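A.B. asks: I'd like to ask some things about the structure below.
Here, each number is a calculation from the coordinates, and none is a lab measurement. Predicted model, so just to flag it, every value in this text is computed and none were measured. Note that we place each Cβ from the backbone using ideal geometry, even for glycine, and neighbour counts take in every protein chain shown.
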Amino acid sequence: MIEIKNITKTYKTGDVEFNALDNISFTINDGEFVAIMGPSGSGKSTLMHILGALDNPTSGTYLLDEKDVSTLSDDALADIRKDKIGFVFQAFNLLPRTTVLRNVMLPLVYAGVHGAERIARARTALLSAGLDENHFQHMSNQISGGQIQRVAIARALVNNPSLILADEPTGNLDSKTGEIVMGTFQKLNKELGRTIILITHEQEIAEHADRILFIKDGMLLEDRTIRKSTPRF
């Protein structure tokens, strides 16, 4: 699904150049759950923006489903973000005085989905994300942090993307709630076959994935498979 070949991302300030990413290469297959881990400033967020078709590398190639993303037009990139990729962020980014159901329906409005189908798909996404139906008509500022993040996951799922990118999704949650949210990601991966890429700086969170890419100073230092004896959910 994903092939990263010799990716470098260089920023320039005056006469000073800085490599946020330095000649990184890896592949991620369909259905994998991969964590990209590193300290602040390691380049992991820059890499996520490239994987999410939000930015282009300075050099190197990013192939998504065998297409070179850096050669695509702005309209084609927008279609990829709409149809192939679901984003989950640390800050949730929900509309606070809007119901849970309507928050999840919003991407479908932009996609031109109408009426009963929009409602049905939003409900299915919320149930897949593990949110109880009793909360569907609550305002998003009337539910807990863990429930809010599940709504954000449902919103990422609603257009049926093949890839979910999660940027520090437990960063605003306590450890117990974070475990519940990570269990949701594991179920989406194992039961629905979603490809998930998780960005985190926490080892304990990264170990919910099946594989960890360790990044530091813009370089890929290690690509390690996690061996699990029993599921964590």
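A.B. asks: What number comes out for the charge environment of Asp22, summing +1 per Lys or Arg and -1 per Asp or Glu over other residues with Cβ under 9 Å away?
C.D. replies: Net charge around Asp22: 0.
A.B. asks: Give a residue-ordered list of calculated ³J(HN,Hα) values for the range 112-122 (Karplus: 6.51 cos²θ - 1.76 cosθ + 1.60, θ = phi - 60°; whole Hz; x for Gly, Pro).
C.D. replies: 3J(HN,Hα) across the range 112-122, in whole Hz: x, 7, 10, x, 4, 5, 4, 5, 4, 5, 5.
A.B. asks: If amide hydrogens are placed 1.01 Å from N in the peptide plane, which non-local residues have theirs closer than 5 Å to the one on Val88?
C.D. replies: Answer set, sorted by chain and number: Leu165, Ala166, Asp167.
A.B. asks: For the pair Arg224 and His49, how long in nm is the line joining their label points, each one 7 Å along Cα→Cβ?
C.D. replies: Going from the Arg224 label point to the His49 one covers 2.8 nm.
A.B. asks: Still on this structure: Roughly speaking, what is the stretch gain from Phe26 to Ser40, that is 0.36 nm per residue apart minus the C-alpha to C-alpha distance, in nm to one decimal?
C.D. replies: 2.9 nm
A.B. asks: Grab the Cα-Cα distance for Glu17 and Ala116, subtract it from 0.36 nm times how many residues apart they are, and report the gain in nm with one decimal.
C.D. replies: 30.4 nm is the gain from fully extending Glu17 to Ala116.
A.B. asks: What list of ³J(HN,Hα) values in whole Hz, one per residue of the range 185-202 in order, does the Karplus curve 6.51 cos²θ - 1.76 cosθ + 1.60 (θ = phi - 60°) give from phi, with Gly and Pro shown as x?
C.D. replies: Karplus-based 3J(HN,Hα) across the range 185-202 equals 4, 4, 5, 4, 6, 6, 8, 10, x, 6, 7, 10, 10, 10, 9, 7, 10, 9 Hz.
A.B. asks: Give the long-range amide H neighbours of Glu202: residues separated by 5 or more places, or on another chain, with amide H under 5 Å away, using H modelled in the peptide plane at 1.01 Å from N.
C.D. replies: none
A.B. asks: Sequence gap at least 6, Cα distance under 8 Å: using those rules, report the relative contact order of the range 2-225 to the nearest whole percent.
C.D. replies: Value for the range 2-225: 30 percent.
A.B. asks: I would also like to ask the following. Go through (i) 1.17; (ii) 1.09; (iii) 1.02 and flag the label whose value is the computed Cα Rg over 2.2 N^0.38 Å for this structure.
C.D. replies: Entry (iii).
A.B. asks: Quick check for me: using +1 on Lys/Arg Cβ and -1 on Asp/Glu Cβ, what's the dipole size of the range 2-225 about its Cα centre, in debye to the nearest 20?
C.D. replies: 780
A.B. asks: Over the range 154-233, calculate the relative contact order: mean separation of alpha carbon pairs under 8 Å at least 6 apart, over the residue count, as a percent.
C.D. replies: Normalised by residue count, the contact order of the range 154-233 is 27 percent.
A.B. asks: If packing is taken as the mean number of other Cβ atoms within 10 Å per residue, what is the order of 50-59, 71-80, highest first?
C.D. replies: Going by the mean number of other Cβ atoms within 10 Å, highest first, we get 50-59, 71-80.
A.B. asks: What are the ³J(HN,Hα) values, in whole Hz, obtained from phi via the Karplus relation 6.51 cos²θ - 1.76 cosθ + 1.60 with θ = phi - 60°, for each residue of the range 92-103 in sequence order, with x given for Gly and Pro?
C.D. replies: 6, 6, 8, 7, x, 9, 10, 5, 3, 4, 5, 4
A.B. asks: Pairs Lys67/Lys190; Lys12/Lys216; Lys9/Lys187; Lys44/Lys67; Lys67/Lys176; Lys84/Lys176: which are spaced more than 29 Å apart, C-alpha to C-alpha?
C.D. replies: Lys9/Lys187; Lys67/Lys176; Lys84/Lys176
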